[in-house]
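A.B. asks: Below you will find the structure I want to go over with you.
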Amino acid sequence: MSAPYVLVLYYSRHGATADMARQIARGVEQAGLEARLRTVPSVSADCEAVAPAIPAQGAIYATLDDLKNCSALALGSPTRFGNMAASLKYFLDGTSGLWLTGELVGKPAGVFTSTSSLHGGQESTLLSMLLPLLHHGMLVLGLPYSENALLETRGGGTPYGPSHHAGADGKRQLDEHEISLCRALGQRLAQTAKRLENSRG
């Protein structure tokens, strides 16, 4: 049996959501658990297109076993018209086997997103990502207002999960508040997973 880990599962088109995932992973590791970064392939409009089994760069593609065996989950996507990206939704749509066997019930989970505009659907995207996690019986963790960055941010940041305002060209870097909130989510997920594991053992 592998050591406990937090799965940081995301889709990123231009890199902003991937940057957030790395900061969440850092928070997980600061709290003493392994962070496992995984992504999903793009959904192609051409039904005959086949993506390589391993992406050319970045995190490798997630498997259902990565999800099944995690101690906690951080799920991230850029916003697509106020909703998660189709690629992440496609992966989640394939998890009905895990739902049938209750593999994710009782595991902590949180969500994160990035948008090109400040009011581009950050909160609705985060809420949309929570829905399948609730169906799986996961324990949803947000960000409490005891996180000072949540009160001070001029970019992204919500109580539903970290968010990032990437700008119209997608090149705005994560600011100090957005980084702080990403790390805070990672820490909360790892700490909660450890507490749950200790209560079982």
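The values are calculated or read from the model by the stated rules, or taken from the named source; none is laboratory data. Being a predicted model, the structure only gives us computed values, none of them experimental. So basically every Cβ, Gly included, is an ideal-geometry build from the backbone, and we count neighbours across all protein chains shown. Protein only, heavy atoms only, side chains kept; ligands, DNA and RNA dropped before computing areas. Shrake-Rupley method; radii C 1.70, N 1.55, O 1.52, S 1.80 Å.
A.B. asks: Among the residues of the stretch 2-32, write down those that are in a loop (DSSP other than H, G, I, E, B), open to solvent by 20 Å² or more (accessible area, probe 1.4 Å) and either touching a Gly at 6+ places or on another chain (Cβ under 6 Å) or over 13 Å from ASP66 (Cα atoms) (or both).
C.D. replies: Matches in the stretch 2-32: SER12, ARG13, HIS14, GLY15, GLY32.
A.B. asks: A follow-up question, please. Looking at (1) under 30 Å from SER199 (Cα atoms); (2) outside any helix (DSSP H, G or I), find the lone condition where TRP99 falls short.
C.D. replies: Unmet for TRP99, out of (1) under 30 Å from SER199 (Cα atoms); (2) outside any helix (DSSP H, G or I): (2).
A.B. asks: Something else about it: Scan the stretch 174-201 residue by residue and report those that are small (Gly, Ala, Ser) and open to solvent by 40 Å² or more (accessible area, probe 1.4 Å).
C.D. replies: SER180, SER199, GLY201, listed by residue number.
A.B. asks: Out of (1) in a loop (DSSP other than H, G, I, E, B); (2) in contact (Cβ under 8 Å) with a residue 12 or more places away in the chain; (3) under 23 Å from ALA31 (Cβ atoms), the odd one out for LEU118 is which?
C.D. replies: Every listed condition holds for LEU118 apart from (3).
A.B. asks: In the stretch 42-50, is there at least one residue being open to solvent by less than 20 Å² (accessible area, probe 1.4 Å) and either over 17 Å from ARG195 (Cα atoms) or touching a Phe, Trp or Tyr at 6+ places or on another chain (Cβ under 7 Å) (or both)?
C.D. replies: There is no residue in the stretch 42-50 that is open to solvent by less than 20 Å² (accessible area, probe 1.4 Å) and either over 17 Å from ARG195 (Cα atoms) or touching a Phe, Trp or Tyr at 6+ places or on another chain (Cβ under 7 Å) (or both).
A.B. asks: Now for a separate question. Any residue at all in the stretch 153-173 that's in a helix (DSSP H, G or I) and open to solvent by 10 Å² or more (accessible area, probe 1.4 Å)?
C.D. replies: Checked against the condition, which is being in a helix (DSSP H, G or I) and open to solvent by 10 Å² or more (accessible area, probe 1.4 Å), the stretch 153-173 yields no hits at all.
A.B. asks: Now for a separate question. When the stretch 62-82 is examined, which residues are found to be surrounded by fewer than 18 Cβ atoms within 10 Å (Cβ to Cβ) and under 23 Å from PRO108 (Cβ atoms)?
C.D. replies: Across the stretch 62-82, the qualifying residues are THR63, LEU64, ASP65, ASP66, LYS68, ASN69.
Table: residues versus (1) open to solvent by 30 Å² or more (accessible area, probe 1.4 Å); (2) in contact with a helix residue (DSSP H, G or I) (Cβ under 9 Å, 6 or more places away or on another chain); (3) among the β-branched types (Val, Ile, Thr); (4) closer than 24 Å to TYR61 by Cα.
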site: LEU88; (1), (2), (3), (4): no, yes, no, yes
site: THR95; (1), (2), (3), (4): no, yes, yes, yes
site: LEU104; (1), (2), (3), (4): no, yes, no, yes
site: SER114; (1), (2), (3), (4): no, yes, no, yes
site: GLY120; (1), (2), (3), (4): no, no, no, no
site: SER124; (1), (2), (3), (4): yes, no, no, no
site: LEU130; (1), (2), (3), (4): no, no, no, yes
site: HIS136; (1), (2), (3), (4): no, yes, no, yes
site: LEU143; (1), (2), (3), (4): no, yes, no, no
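A.B. asks: Among what's in the stretch 124-141 and is over 12 Å from the mean Cα position of the chain (by Cα) and touching a residue at least 40 places away in the same chain (Cβ under 8 Å), pick the residue that is farthest from THR192 (Cα to Cα).
C.D. replies: It comes out as SER124.
A.B. asks: Also, I was wondering about something else. Got at least one residue in the stretch 97-110 being modelled with pLDDT under 95 and in contact with a His (Cβ under 6 Å, 6 or more places away or on another chain)?
C.D. replies: No; the residues of the stretch 97-110 include none that is modelled with pLDDT under 95 and in contact with a His (Cβ under 6 Å, 6 or more places away or on another chain).
A.B. asks: Moving to a separate point now. Restrict the check to the stretch 83-94 and report whether at least one residue is closer than 19 Å to VAL140 by Cβ, assigned to a loop (DSSP other than H, G, I, E, B) and not aliphatic (A, V, I, L, M).
C.D. replies: no
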